[in-house]
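A short worksheet on the structure shown next.
Coordinate-derived values only; no laboratory data. Not measured: the values here are computed from a predicted model. Every residue, glycine among them, receives a Cβ derived from its backbone with ideal geometry; neighbour counts consider all protein chains shown.
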Amino acid sequence: HYGCVGIREGDPRLDPAEIFLCPPCASVSEGACDEQLERHCGRKDCGQVLDDDEFFVERIIGRRWRLEGGGHLWLVKWDGYPVKEAQWLTEEDIGGLEKLVEEFEAAAHLRELAISGEETVLLKEAVDGGWTP
């Protein structure tokens, strides 16, 4: 998917330490990507084959208070999967959480959802997908 957003050799987003969240491809028609290419990392020099049990976070669509140990659980929408297959995960289980939380909080703010305190917050996408507080 890196080609969709114009990443070229030398781009700082190719640094292995960088977290890059690839947006959904708008210019590629459904089924246009070669399935073999989809099973490899997008970095030119990587060559890592993706495991069948490796998933990528598309975005966070909900937040609730974590009763045991404090903090929050985050409702994670997986890339390429329907909302009904989202999962509640701990902060420790999500890579790149800070950016994902910023995006979630911005989306909640746009919809005038209260995000302070310990109340469960679900974006419209989660509610429409059958999730309840």
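Some points to look at:
- Packing-based exposure ordering (other Cβ within 10 Å, fewest first) of H72, H109: H109, H72
- Shown in residue order for region 97-102 are the 3J(HN,Hα) couplings computed by the Karplus curve 6.51 cos²θ - 1.76 cosθ + 1.60 at θ = phi - 60°: 4, 4, 5, 5, 5, 4 Hz (x for Gly and Pro).
- Each label was represented as a point 7 Å from its Cα along the Cα-to-Cβ direction; for R8 and L67 these points are 5.5 nm apart.
- Shown in residue order for region 86-93 are the 3J(HN,Hα) couplings computed by the Karplus curve 6.51 cos²θ - 1.76 cosθ + 1.60 at θ = phi - 60°: 5, 9, 7, 10, 7, 4, 5, 8 Hz (x for Gly and Pro).
- Potential extension, F56-E92 segment - 0.36 nm per residue separation minus Cα distance: 11.5 nm
- With neighbour counts taken as other beta-carbon atoms within 10 Å, the residues V121, V101 rank, fewest first, as V101, V121.
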